[in-house]
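S.K.: Okay, here's the structure, questions in a sec.
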């Protein structure tokens, strides 16, 4: 059956505009990156294999790592205490290779909500969560997260009550931050693996909340069906 | 009682990690993080001195005045100690 937009050469079959090919010449900084990378290889400081291994390691990091940390904290009060005292050590305890990352975990409660931003650039706990979403690096997010964070969160679909204190954390220097969201209601008795499926990337940035059990009921049932 | 500090209102050239919106603003020390190489020197491959890094908490009222969405909301930021001047308790409102 033909799609609604099949005749429009500017739209994909699903009705979205095609992203233009990026056939422009390299920018100054792209050229600079390639030049430095090739010089490091020529001078024997790095090997191409080492560079590729580092890219692979970063690509293998994802919000699932953070979700495992959060879910463990939800199920193990002693682990949660260690996470809040030294989040880097708590991540390594679960076997995550976070390199030199210095991580601080900030806890959401009934009366406190936390939001992470880097107003100066794009600092993000990449060594735990992988690369940040594009919007995290946008000038709009970076400025509004400190100037009008409640209006910003409302646009993410999260309206905070006046009885909740919003704490914004600006990653201006050597620390990185992760939010420990509140455990969703209706998850009593769930194990850490099931809980981890509720933890979203945005809930660890503070622009969202974890999924509720109702949101994932069908997903969980499907996973069980697959053994 | 929380230790109050004010961010210096400097505007030096170069790589500086003290956001403009915090300069001249008063906050309280949330925690001390230890010493780290000064990025203002590190960025230029100088032998960077290790300077104490401090997390300072500012209220939305302090940062934005009447324009704050909710005066008691806060922004925490890491500021290197040479950017901070201590305030006497007598200065407290």
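S.K.: Out of the stretch A:125-176, which residues are outside any helix (DSSP H, G or I), within 13 Å of chain B (Cβ to nearest Cβ) and loosely packed, with under 14 Cβ neighbours inside 10 Å?
M.R.: Those that are outside any helix (DSSP H, G or I), within 13 Å of chain B (Cβ to nearest Cβ) and loosely packed, with under 14 Cβ neighbours inside 10 Å: A:159, A:161, A:162, A:163.
S.K.: Name, by its number, the condition in (1) surrounded by 17 or more Cβ atoms within 10 Å (Cβ to Cβ); (2) at the interface with another protein chain (Cβ under 9 Å from one of its Cβ atoms) that does not hold for residue B:72.
M.R.: Checking residue B:72 against (1) surrounded by 17 or more Cβ atoms within 10 Å (Cβ to Cβ); (2) at the interface with another protein chain (Cβ under 9 Å from one of its Cβ atoms), the one that fails is (1).
S.K.: If I ask for residues that are closer than 20 Å to residue A:120 by Cα and touching a residue at least 12 places away in the same chain (Cβ under 8 Å), which ones from the stretch A:167-180 would you list? Full working, then the answer.
M.R.: Kept after step one, since they are closer than 20 Å to residue A:120 by Cα, are these residues of the stretch A:167-180: A:167-179.
Answer for the stretch A:167-180, where residues must be closer than 20 Å to residue A:120 by Cα and touching a residue at least 12 places away in the same chain (Cβ under 8 Å): A:167, A:168, A:169, A:170, A:171, A:172, A:174, A:175, A:176, A:177, A:178, A:179.
S.K.: Listed residues A:81, A:73; which is more than 13 Å from the chain's Cα centre (by Cα), surrounded by 20 or more Cβ atoms within 10 Å (Cβ to Cβ), assigned to a helix (DSSP H, G or I) and assigned by TED's automatic domain parsing to the domain that holds residue A:188?
M.R.: A:73
The values are calculated or read from the model by the stated rules, or taken from the named source; none is laboratory data. Please read all numbers here as calculations on a predicted model, not as lab measurements. Positions of Cβ are generated from backbone atoms using ideal geometry, with glycine treated the same way; all protein chains shown enter the neighbour counts.
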